[in-house]
Amino acid sequence: MNQAARPRDAGLLHMRLPVGAVTSILHRMTGALLIPLVAAVLALLHKALVSARSYDMVRAVLAGSPGHLLGPVCMWIVAHHTYGGIRHLALDAGLVRGRRAARWSAMVVLAAAVCTGLLAAILWP
Ligand code: HEM
């Protein structure tokens, strides 16, 4: 094949990925996001325990717009990674077999994580 005829771009951004691939990519992304998220939650917890004043400050941040915006997103991150992780383990253990079951389980993970995020948005104090 001559140089000019060779494909230069696989078009990853325009490719229609199967639902399992989307779930898996999001699982890796949420896993990476969990690392700073755990650090941030621990830092907030530490701050809340320093004094009554800083406890009130942390409460105000969580009850204000930053908490309302970021809280449900964080809950989606935790939920997607946890449900996706359980799916990965179930696939590895052979509890989910075949393409149909793999597709269904991927859709269940996506939907359950979004529902968890929405529930957090509704119930956020
Ligand atoms: C603070 C908690 C967690 C952090 C920071 C974290 C982080 C990560 C990261 C960065 C990866 C990606 C590794 C890679 O693809 O190379 C990963 C993969 C994985 N995580 Fe987590 N994780 C956490 C909690 C969990 C939980 C609660 C579960 C299970 C329910 C879980 C199950 C898995 C599994 C099964 C994989 C491998 C997926 C695969 O085979 O591609 N993780 N995690």
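Coordinate-derived values only; no laboratory data. Keep in mind that this is a model prediction, so the values were computed, not measured. FYI the Cβ positions are ideal-geometry reconstructions off the backbone, even for glycines, and counts take in every protein chain you see.
In Å, the Kirkwood hydrodynamic radius of the chain over pairs of distinct alpha carbons?
So the Kirkwood estimate lands at 17.2 Å.
Would you please calculate the Kirkwood hydrodynamic radius of segment 69-125 over all C-alpha pairs and express it in Å, rounded to one decimal?
For segment 69-125, inverting the mean 1/r across all distinct Cα pairs yields 11.8 Å.
Taking just the alpha-carbon atoms of segment 44-87, what radius of gyration and Dmax come out, in angstrom?
13.7, 43
If the only charges are +1 at each Lys and Arg Cβ and -1 at each Asp and Glu Cβ, what is the size of the charge dipole of segment 1-91 around the Cα centre, to the nearest 20 debye?
Value, rounded to 20: 140 debye.
Would you work out which of Pro18, Ala113, Ile86 lies farthest towards the positive end of the dipole of the chain, given +1 charges on the beta-carbon of Lys and Arg and -1 on that of Asp and Glu, about the Cα centre?
Value: Pro18.
Would you mind calculating the gained length between Ala121 and Ser65 on full extension (0.36 nm times residue separation, minus the Cα-Cα distance), in nm to one decimal?
Working it through step by step, the gained length comes to 19.0 nm.
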